[in-house]
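Shown next, in structure tokens, is the structure this report addresses.
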Amino acid sequence: MANTPERLVVVSNRLPVSIKKTSAGWEIRPGSGGLVTALAPVLKDQGGIWIGWSGGIGDQEIMEHIKTASADSGFDLHTVPLTADEIKDYYYGFSNEIIWPLFHDLQTRCNFRPEYWYRYIEVNKKFADRIAALSDENDFVWVHDYHLILTAQKLKEADASRKIGFFLHIPFPSVDIFIKLPWRGQILKALLNYDIIGFQTARDRRNFVNCIHMLYPDIDIDWEAHIAITTVGGREVRIGAFPISIDFGAFARDAASRETKERVQYLKEAMPECQVILGVDRLDYTKGIPERLEAMRNALRRYPDLHRKITLVQVVVPSRQNIPEYGLLKARIERMVGEINGEFTKAGWVPIHYLYRHLDRCELLSYYRLADIALVTPLKDGMNLVAKEYCACNYTNRGVLILSEFAGAASQLHQWALIVNPYDIEGVSDAIHSAFYMDEKEKMDRMKKLRASIKKRDIFWWVKNYLETALSKHPSSRPTNKETTSLAAKVP
Ligand code: ADQ
């Protein structure tokens, strides 16, 4: 196998495209998230491809449109068509009713149905077959996230030898939680078929290594610099922490654009004279939205001095609407917003503004710019990009970030954010009070340091760091910028 692969093959459950069915037919646009932005230059330059599910049932109707989206992206998108049963058992079932809650430490929410597991195996094989057909031995295959843990193993079983890496976007749980998984041994063993396994934080990497020690005590693990290394079947496996980030420059630039400034001005005029506290989350029980609302209620009860002085803008993006639990969560959030507003609203002041929808980029950036305080309090989160986006947009350095200690972002930002335990209602309420009264100098000092840290380790740094660790001969002798591996060299 070549040491320096020429082509990158990215694989994820979903393709990086936004697909909408309108009255005029399908509307498909290339994705614009940070991951695509960072990988696009590498893919375009080297003729790389992206393999994933389109998000629809079957794919016949969508295929033509995907071709157009490929042309617009500048690299080829290839779909893995899924049937309705596969979507139900592999995606909603195993991925989102087992791995997602378990890996976020919420094992009581898991639905350990055996049929989910068998379908997960089948779909991972389907992805592996597609990779085998579309790639060759000279490619580097980069598989993303928890939906595709078995893919490397299935590729090996199909006798398709590839240099292949994995990145887990969500946390990896501690041993005591991981061993609840009925298929714990199979999942761990399957991961060891990757040549490199990337986690968000050192804590996730440590949890994974501890699980290996406990379930497979015969496997030796050594360390070279910050990379754990083990040998499985004569093959080296590298295990590292690579905290994902955002396109800092684009957020900072767009936040200062005229369009955003005008929108901020409009919002300011529409809102009363208050400090704005912002929450922005996908609808998900891991994001701690009810707990945050409870903290807001607590702050308003314990600190009457905050009445008419603070307003929480809570933005919730619809997500996983086919899972009944998510509908229940939405109803719970809406009931709490109603109760709190019912208890505290006064003429000219509503304590909580609640938005349940996707925001376009300009609107999202305007809320980031408007907010005096960001309240990012997930119960557990792989990283949490909202925390980083908020800081990147805060170019006047006047905002305060309140951040859950259980977000991966806390391992990087803990010195300068106000760190809270999201389960500690009074602690979060106190943090809101402290943020409100924080003096300008302290706010600026903290925000400058937050922004400098995120700017230094942006999404381009992340891609480069991962690819160089994956492709260098020795993990500890990662090439410098000048003698970088050919794929990593294409990252801007
Ligand atoms: P997510 O759980 O989706 O990602 P997060 O990292 O916060 O969580 O990313 C959410 C993204 O959605 C952000 O980029 C944000 O801008 C966007 N967004 C949120 N609300 C929006 C709205 N109303 N309108 C438009 N856009 C909105 C998973 C893991 C995370 C990990 C990421 C990346 O769960 O822990 O940080 O992957 O690895």
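The values are calculated or read from the model by the stated rules, or taken from the named source; none is laboratory data. Every value quoted in this text rests on a predicted model; they were computed, and no experiment measured them. Backbone-built Cβ (ideal geometry, glycine too); neighbour counts: all protein chains shown. What goes into the accessible areas is simple: the full protein's heavy atoms, side chains included, and nothing from ligands, DNA or RNA. Shrake-Rupley method; radii C 1.70, N 1.55, O 1.52, S 1.80 Å.
The table that follows gives values for the structure above.
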item: On Cα atoms only, tilt of 289-302 relative to the major axis of the chain in degrees; result: 20
item: Inverse mean reciprocal Cα-Cα distance (Kirkwood Rh) of the range 261-379, Å; result: 14.8
item: Antiparallel bridge percentage (DSSP; both residues within the chain; nearest 5); result: 25
item: The range 45-155: C-alpha gyration tensor shape, a/c 1.5 cut-off, then a/b vs b/c; result: prolate
item: Computed over the chain: relative contact order in percent, which uses C-alpha pairs under 8 Å that are six or more apart; result: 15
item: Sequence-distant residues sharing a close amide H with Leu278 (under 5 Å, placed H); result: Val313, Ile373, Ala374, Leu375
item: Karplus 3J(HN,Hα) series, Hz, for the range 363-368 with 6.51 cos²θ - 1.76 cosθ + 1.60 (x for Gly, Pro); result: 5, 4, 5, 5, 5, 4
item: Solvent accessible area, Å² - Tyr285, 1.4 Å probe, full protein context; result: 20
item: Cβ-placed point charges (K, R +1; D, E -1), dipole of the chain about Cα centre in debye, nearest 20; result: 820
item: Debye log10 I(q)/I(0) at q = 0.10 Å⁻¹ for the chain, Cα point scatterers; result: -0.80
item: Gap separating the Cα centres of the range 169-219 and the range 110-164, nearest whole Å; result: 17
item: Accessible area of the chain divided out per residue, in Å², using a probe of 1.4 angstrom; result: 41
item: Portion, in percent, of the accessible area of the chain that falls on carbon or sulfur, probe 1.4 Å; result: 49
